[in-house]
1. How would 1, 15 line up from fewest to most surrounding beta-carbon atoms within 10 angstrom?
2. Using only Cα atoms, find the angle between the long axis of helix 20-34 and the longest principal axis of the chain, and express it within 0 to 90 degrees, rounded to the nearest 10.
3. Determine, for 211, 2, the number of other Cβ atoms within 10 Å of each Cβ, and report the residues in order from fewest to most.
4. Can you give the alpha-carbon Rg of region 110-216 over 2.2 N^0.38 Å, where N counts its residues?
5. Just the ratio, please: alpha-carbon radius of gyration of region 3-103 over 2.2 N^0.38 Å, N its number of residues.
6. Using the alpha-carbon atoms, what tilt in degrees (0 to 90, nearest 10) does helix 77-87 show relative to the longest principal axis of the chain?
7. So how do 21-30, 160-169, 58-67 stack up, highest first, on mean other-Cβ count within 10 Å?
8. Quick check: Cα centre of region 116-145 to Cα centre of region 28-46, how many Å?
């Protein structure tokens, strides 16, 4: 037998520096310690049926990661939350869990994601944001996988919405961006384009990015 589940995961603090592959290993071991038997694929190199809807880049925090997994025996979702959280260290938390039905995975249905981008030392205003969005093209340098070279691309049509809020002398950009197989925009490209437009001299490590939501096709 196999039972499908979907869990909402929170990742912050030092845990945001754990890579995606290490996160999968961490969860695989956590399920084992907690006493849940994951379902494995068949074949020469079996792997656990365990995956995130949209892998979170290294260094990002999130309150809304979606983990889909299959286990061999039925378990109450509340018990799964309790037992996994008892295993995890600070910075990683299962917020909720529910049973799921057969069908397309969330990984195949994702179409957009929202982020909060914290930029210190900047006080954005309506004029700055409007001027940024009204450009005919919003260009950013993207590294090409095949050649390793930078290529300027226009990201304007991949920005679904962009707003801001100021906290003292710092700005938080609230962005909803394309995500998924058809069209996908990394927040890194938006950050580089906006920082250059604003004429801000800042190191990338000073900017914090957190994923706040994901949106899916039916």
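1. Least to most surrounded, the residues fall as 1, 15.
2. The angle comes out at about 30 degrees.
3. 2, 211
4. Compactness ratio reported: 1.05.
5. So region 3-103 has a normalised radius of gyration of 1.02.
6. For 77-87 against the chain, the angle is about 80 degrees.
7. Highest-to-lowest ranking by the protection proxy: 58-67, 21-30, 160-169.
8. Comparing the Cα centres of region 116-145 and region 28-46, I get a distance of 43 Å.
Only the coordinates and a few stated rules stand behind these numbers; no lab work does. Note that this is a predicted model, so its numbers are computed, not measured. Positions of Cβ are generated from backbone atoms using ideal geometry, with glycine treated the same way; all protein chains shown enter the neighbour counts.
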